[in-house]
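Data block below; observations after.
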Amino acid sequence: MLIKNVIFVTISLFSTCVAQNTKETASTQKPKAIMVANKDQLYKDVAFLTELRPPRHSENIASLNKAADYINAEFKKAGLETTKQKWMADGKDYINVIATYNPEKKERIIIGAHYDVCATNLWQMTMPAPLRVY
């Protein structure tokens, strides 16, 4: 459960960070945004993604697509530019959600996360990591 939440918190942190305040540090410097995560939105994101049934894995494409649509919409709400990259594996279509912030900047920070799960049933997903069978 912890690993699943960490992955979604990473996605949520990126999508829910908003500029709360700006302040001028010197008259010649640009204002710096202070980024603060929205705790309520983090819980909402984790709840949506972890409660999708059937579980989000390669055998449940509909659940994966619901998760991708949700993530895409949340990124857009946060003001990010988004695209969906479609790819195929083993005859099945999958989607990568790509969001960009300040795409004109030369320096980049790349954040990646999976929104699928490895376990194929609820029992496996709720077991502590050392007891899981894959």
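The values are calculated or read from the model by the stated rules, or taken from the named source; none is laboratory data. Only a predicted model underlies this, so the values are computations on that prediction, with no experimental measurement involved. Please note: Cβ atoms are built from the backbone with ideal geometry, for glycine as well, and neighbour counts cover all protein chains shown.
Output the residues belonging to the range 93-103 that are under 15 Å from G79 (Cβ atoms) and not hydrophobic (A, V, I, L, M, F, W, C).
T100, Y101, N102, P103
Could you count how many residues in the range 85-115 are surrounded by 12 or more Cβ atoms within 10 Å (Cβ to Cβ) and in a strand (DSSP E or B)?
7
Checking the structure you have, find out if any residue of the range 63-76 is out of contact with any helix residue (DSSP H, G or I) (no Cβ under 8 Å at 6 or more places or on another chain) and modelled with pLDDT under 90.
No, that holds for no residue.
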